[in-house]
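Notes follow once the structure below has been shown.
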Amino acid sequence: MSPRLNLALQSGLTLSQPLTVFGPTPDDDLSGLPRETQIVQPFKPFHDCFAALGFTAVPEAIGPCEDAIVHLPRAKALARALIHRACSQATGVIVVDGAKTNGIDSVLKDIRKRVAVEGPLSKAHGKIFWFQSDPAAFADWAAPETQSVDGYQTAPGVFSADGVDPASALLMQSLPAKLGGHIADLGAGWGYLSAELLKRDEIKTLDLVEADHAALNCARANVKDDRAMFHWADAGTWVADPRDTIIMNPPFHTSRSADPTLGQGFIASAARNLTRNGDLWMVANRHLPYEAALTEHFIKVDEVAGDNLFKVFHASRPRR
């Protein structure tokens, strides 16, 4: 059991089934909760982790519940949306658990203006508190059904929710006129690159592979093309028939710290899913060390574009 939740239970918090937990990560120890607990986790690798532990893991909450626990994300808009969603689903107690670095103090201050709060308890560089569900008190925290940015639909908490990511825009500008007929977009996000690519008649199929269920839902709205195929999957482990070209702007963190191994996993996946003479087009932050991984997995690697923030690579002929 996570230390803050364990402290809360020892301090008088009681939880009833059906129980829904919103947004936990594998770092959150939920081993003390009953396995019938519903875990809402839209990020596929985390979803699969909880499913493997025997919980009822879903990308979106299903049905009403008695009590709910919200694990606070970093994005403020998403945090508010999750608290509103928890109040809409639960009729009993809402528990909010979060680290200081994720803004738990600010959220606690805002919630105290709306409802009576029990706790709060501090432990392990964070806080936990709870209150009686009151959907009306948080009605204005509901996420908009659609959020239009630059002509595209995005959602709170997804990568680059406020507009086209400049790295993706640079990659798009750097792509050649001909890419082949069968393309995959690893880490497709809300679909900017794929939507732009499908303006080309030469493309026969395009796979959008995205681990964030919310982002993939946005991509479905942004990419209305019969040639597109959508995959809720971890791009690092995704396997398909060989594609002619793979494009990607891989993520480099799942927490506050940069983790280059994420991009390295994308590179290995690209090499695995390309034809013998296939091409990878990739953009990355200038400071991230991907050159060694590219050379390990591809015979030919060139930096073809960039600026002081980003670099674009063209890698061809994957090593088998």
* How much of the accessible area of segment 169-303, in percent, comes from carbon and sulfur atoms when a 1.4 Å probe is used? -> 50 percent
* Any idea what the relative contact order of segment 197-278 is, in percent, if you count C-alpha pairs under 8 Å spaced at least 6 apart? -> 28 percent
* **Separation of alpha-carbon centers, segment 146-168 and segment 184-231, rounded to whole Å** => 14 Å
* Separation between Cα centres of segment 1-50 and segment 268-320, rounded to whole Å -> 39 Å
* Structure fact -> In this structure, among Lys44/Lys224; Lys100/Lys311; Lys44/Lys100; Lys178/Lys224; Lys100/Lys224; Lys44/Lys204, pairs with alpha-carbon gaps over 29 Å are Lys100/Lys311; Lys100/Lys224
* Structure fact -> Neighbours of Glu202 by Cβ distance under 15 Å: Lys/Arg at +1, Asp/Glu at -1, summed charge +1
* Out of these labelled values of Cα extents along the principal axes in Å, (i) 57, 49, 34; (ii) 58, 43, 38; (iii) 63, 37, 36, which was calculated from the coordinates shown here? -> (iii)
* Would you mind telling me the share, in percent, of accessible area of segment 92-137 contributed by carbon and sulfur at probe 1.4 angstrom? => 49 percent
* To do: Would you mind working out the magnitude of the charge dipole of the chain relative to its Cα centre, with +1 at each Lys and Arg C-beta and -1 at each Asp and Glu C-beta, to the nearest 20 Debye?
  => 380 debye
* Calculate, for the chain, the solvent-accessible area per residue in square angstrom, rolling a 1.4 angstrom probe over the heavy atoms of the protein chains. => 45 Å²
* Asked: In the neighborhood of Lys300, defined by Cβ-to-Cβ distances under 10 Å, what is the net charge if each Lys or Arg adds +1 and each Asp or Glu adds -1?
  -> -1
* To do: Determine the shape class of segment 265-320: with a ≥ b ≥ c the square roots of the Cα gyration tensor eigenvalues, call it rounded for a/c under 1.5, and otherwise prolate if a/b is greater than b/c, oblate otherwise.
  => prolate
* Structure fact -> With +1 at each Lys and Arg Cβ and -1 at each Asp and Glu Cβ, the charge dipole magnitude of segment 159-290 around its Cα centre, to the nearest 20 debye, comes out at 200 debye
* Structure fact -> Once normalised by the length of the chain, the mean sequence separation of its alpha carbon contacts under 8 Å that are 6 or more apart gives a contact order in percent of 12 percent
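The values are calculated or read from the model by the stated rules, or taken from the named source; none is laboratory data. The structure displayed is predicted, hence computed values, not measured ones. As a convention, Cβ positions derive from the backbone with ideal geometry for all residues, glycine included, and neighbour counts pool all protein chains shown. Calculation scope for accessible area: heavy atoms of the full protein, side chains included, ligands and nucleic acids excluded. Shrake-Rupley method; radii C 1.70, N 1.55, O 1.52, S 1.80 Å.
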